[in-house]
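Here is the structure we will look at.
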Amino acid sequence: MKQVVVILVNYAGTEESYGLLGPQVAATIIQDNTDYECVVVAVGHDADKDTVKKNVIQLAGSNRPIIGFSNLGGRSELWTLAEELKAEGAITILGGPQANVDYLGEVGWESHHHRFPGVSDSFTFALHGPVEQLVPFLNSQGKEEPDAIPGALFIRSGKRRANERNDWEEDFLTRVDWGNLYRPGPSGPEPVSVTSAQVVQQIGCPYAARKVKVSLDYPANLRGSPFLRKGKVSLILQGCSFCDVARDKGFGGALSLESVLAQINNLPEDADGRKIPFELINEAPLSTLPGLLLAVREQGTRLSQLNLVSRADWLVMGEEKLRDALKLAKVMGVCILLSAAGFESFSDTILGNLNKGYPLRTNLAAIKLVRQLKEEFPENWSYSTADGASHGFIHPTPWDSAETEREMNSVIFAYGLGRDILPLKSVPLIIHHACGLGDWVRELEMREGITLERAASIIEWW
Ligand code: SF4
């Protein structure tokens, strides 16, 4: 019987049935290129740790199991689980976004003891970059040393070391097994039938490709009190100041049309023989969208729903292409859902500090456009919260003041944003230690002689 590699993935809830491309691709590559089977286990925030552990051992066996952890989203209970499994003899591997910076810890943690020290104790090693780097290690039944694995981060002679990582290879991204997702159950893993998936068209974000020098304001409030000192912090940023993936991935360019079509063809189908809804992973999707839909139509593939994520400025700039795409969607009977637009704020002061790269009027132009398109293409275009969209709205932030609150409330009221644009719950500004704002916090701490608490990999400013 084949041994099973288990990949644990952070999920929103135990009942979720969406499929994440990264872990499913990783599992497929392992199955196709090694002697192991590989399954993905979705661990919801409400999952019971003991049940998860029992399920993992049931799947992986007790003979030196190999367990990957991906997309942990700062969930320290998963790091604790990894540490327990490692202590009991498992090989635990941290992968996915921020694996490198979370393994290595926050800049300067050795001399600033309140900073996040990293999770090297919980994992045998970490892997930055594509999973195919692990294939020789797995084919050695886990005997190869991490020193020989490209992209590996590990400890040697008491020091944390990082090997150079390989680039993404397009060929590895085209085949995805969507049928090996499970959730932990009381009497063993339960298969999850994936009802929505992801297709990658572009790796990383073009906005994060360029380094820019910016000047961010001191906070207006910190740790629940007004922050009275005024000043500016100069930083070099790549992308939005709060974005933790931009620095990690940079911009890796676009995949070929053939690769994107291969992924679409590989998606599961619904009861009507149409491909299940999928998110097109492309931060700037509009310029190529009509061409993609045309190609899908020409090969006779039937789609149900395509979800887009876009910055507000790229929506406005791509209006013509989006209209062309919607005309095609109408002919094809496809729904295009703008599932997330990165509005983030309705205050110029806060947009500037988030380094969004555009002002409030761009957000308002994008909102006007998406509403107008709903009138023109009522059956084929969706964008509202009621349709399942969850647009970016970061609130509260450390730059909130009476003035910004007034400014935002007046915009929200005047443009009726509560009826279709605002998400059910806003998300507070999350500062991951390795995002641009991590540098902002550390500079503030040094200059002003303050220290902010760390909650695992997140810096608490509230
Ligand atoms: S938040 Fe979005 S637009 Fe901003 S850098 Fe990150 S991926 Fe790019």
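The values are calculated or read from the model by the stated rules, or taken from the named source; none is laboratory data. Since we're looking at a predicted model, the values are computed, not measured. Counting neighbours? That spans all protein chains shown, and the Cβs are built from the backbone with ideal geometry, glycine included. Heavy atoms of the whole protein, side chains included, go into the accessibility calculation; ligands, DNA and RNA do not. Shrake-Rupley method; radii C 1.70, N 1.55, O 1.52, S 1.80 Å.
Numerical summary
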item: Check on LYS374, among the charged types (D, E, K, R) and open to solvent by less than 40 Å² (accessible area, probe 1.4 Å); result: no
item: Cross-chain or 6+ apart pairs with Cβ under 9 Å, the range 228-242 first and without any contact (Cβ under 8 Å) to a residue 60 or more places away in the chain and open to solvent by 70 Å² or more (accessible area, probe 1.4 Å), then aliphatic (A, V, I, L, M) and more than 14 Å from the ligand (Cβ to nearest atom); result: LYS232/LEU216; SER234/LEU216
item: Tabulated pairs, the range 440-462, first within 14 Å of PHE227 (Cα to Cα), second assigned to a loop (DSSP other than H, G, I, E, B) and among the acidic types (Asp, Glu), C-beta under 9 angstrom, 6+ apart or interchain; result: LEU452/GLU460
item: Any hit, the range 450-457, residues being assigned to a helix (DSSP H, G or I) and assigned by TED's automatic domain parsing to the domain that holds SER241; result: no
item: Answer residue from the range 407-422, given it is open to solvent by less than 80 Å² (accessible area, probe 1.4 Å) and in a loop (DSSP other than H, G, I, E, B) and is farthest from TYR383 (Cα to Cα) among those; result: GLY416
item: Enumeration of residues in the range 82-105 that are aliphatic (A, V, I, L, M) and out of contact with any helix residue (DSSP H, G or I) (no Cβ under 6 Å at 6 or more places or on another chain); result: ALA82, LEU85, ALA87, ALA90, ILE91, ILE93, ALA99, VAL101, LEU104
item: Number of the exception - SER241 against (1) in the same structural domain as VAL40 (by TED's automatic domain parsing); (2) assigned to a loop (DSSP other than H, G, I, E, B); result: (1)
item: Residue list for the range 88-140, filter: within 23 Å of GLY436 (Cβ to Cβ) and among the polar types (S, T, N, Q); result: GLN98, ASN100, SER111
item: Among the candidates VAL194, VAL214, residue that is at pLDDT 95 or above and either surrounded by 20 or more Cβ atoms within 10 Å (Cβ to Cβ) or closer than 29 Å to HIS45 by Cα (or both); result: VAL194
item: Residues (within 16 Å of the ligand (Cβ to nearest atom) and open to solvent by 30 Å² or more (accessible area, probe 1.4 Å)) located in the range 305-349; result: VAL309, TRP314, VAL316, MET317
item: Unmet requirement for ALA209, which otherwise passes all of (1) of a type outside the set (Ser, Thr, Tyr); (2) out of contact with any Asp or Glu (no Cβ under 9 Å at 6 or more places or on another chain); (3) farther than 26 Å from TYR11 by Cβ; (4) away from the ligand (no atom under 14 Å from the Cβ); result: (4)
